[in-house]
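> One structure, pasted below without further comment.
The values are calculated or read from the model by the stated rules, or taken from the named source; none is laboratory data. This is a predicted model, so every value here is computed, not measured. We place every Cβ from the backbone using ideal geometry, glycine too, and count neighbours over all the protein chains shown.
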Amino acid sequence: MKLDTSPVRQSEMLAVVRPYVRGLIRKAMRERGVTYEELAVRLETYGIRTSENTLIQKVNRMEFSGHFLMVCLKALDVEAVDLRELDVIQTVRAKRLRVLG
């Protein structure tokens, strides 16, 4: 079998990255016992005013910026993110093999 060395398309990358990013916020909330309502209150400290429902929609739909992600993680007292868990290229190529295989 030939090794796939073709570039990863943006749509393929986003299909891997989005669930990972959504999981970062949810995991941090779960580990700290923080609700969406409480996170909305914490975000006000950083100048972000949002309702619980809007926050739920943003996280579920992944409709937020990198800045918003960083502020959420800071508000949740996340000190570090291990990006080794996010191996986009290998995950995309594995998905391609399953589709082609």
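> Out of (1) surrounded by 11 or more Cβ atoms within 10 Å (Cβ to Cβ); (2) at pLDDT below 95; (3) over 16 Å from the mean Cα position of the chain (by Cα), what's the single condition that is false for Ser51?
Just one mismatch for Ser51, condition (2).
> Next question, about the same structure. For region 62-101, enumerate the residues that are farther than 22 Å from Arg42 by Cβ, exposed (fewer than 11 other Cβ atoms within 10 Å of the Cβ) and at pLDDT 75 or above.
Asp82, Leu83, Arg84, Glu85
> Can you give me the number of residues within region 23-38 that are over 22 Å from Glu85 (Cβ atoms) and either surrounded by 17 or more Cβ atoms within 10 Å (Cβ to Cβ) or of a type in the set (Asp, Glu) (or both)?
First, the residues of region 23-38 that are over 22 Å from Glu85 (Cβ atoms): 33, 35-38.
Adding the requirement that they be either surrounded by 17 or more Cβ atoms within 10 Å (Cβ to Cβ) or of a type in the set (Asp, Glu) (or both) leaves 36-38.
Total satisfying the criteria: 3.
> Can you find a residue that is assigned to a helix (DSSP H, G or I) and either in contact (Cβ under 8 Å) with a residue 24 or more places away in the chain or closer than 26 Å to Lys95 by Cβ (or both) anywhere in region 1-9?
Looking through region 1-9, none of the residues is assigned to a helix (DSSP H, G or I) and either in contact (Cβ under 8 Å) with a residue 24 or more places away in the chain or closer than 26 Å to Lys95 by Cβ (or both).
> Kindly indicate whether any position in region 31-43 is free of Cβ contacts under 8 Å to residues at least 40 places away in the same chain and touching a Ser or Thr at 6+ places or on another chain (Cβ under 7 Å).
Yes; the residues of region 31-43 include at least one that is free of Cβ contacts under 8 Å to residues at least 40 places away in the same chain and touching a Ser or Thr at 6+ places or on another chain (Cβ under 7 Å).
> Residues being more than 13 Å from the chain's Cα centre (by Cα), of a type in the set (Val, Ile, Thr) and farther than 19 Å from Glu12 by Cα: count how many of those fall in region 72-92.
So the count comes out to 1.
> Return a yes/no flag: does region 35-42 have any residue that is in a loop (DSSP other than H, G, I, E, B), touching an Asp or Glu at 6+ places or on another chain (Cβ under 9 Å) and modelled with pLDDT of 95 or more. Give the derivation first.
Let us first name the residues in region 35-42 that are in a loop (DSSP other than H, G, I, E, B), namely 35.
With touching an Asp or Glu at 6+ places or on another chain (Cβ under 9 Å) added as a condition, the list becomes 35.
If we keep only those that are modelled with pLDDT of 95 or more as well, we get 35.
Scanning region 35-42, I find at least one residue that is in a loop (DSSP other than H, G, I, E, B), touching an Asp or Glu at 6+ places or on another chain (Cβ under 9 Å) and modelled with pLDDT of 95 or more, so the answer is yes.
> Being part of a helix (DSSP H, G or I), under 30 Å from Ser6 (Cβ atoms) and touching a helix residue (DSSP H, G or I) at 6+ places or on another chain (Cβ under 8 Å): is that true of Val81 here?
no
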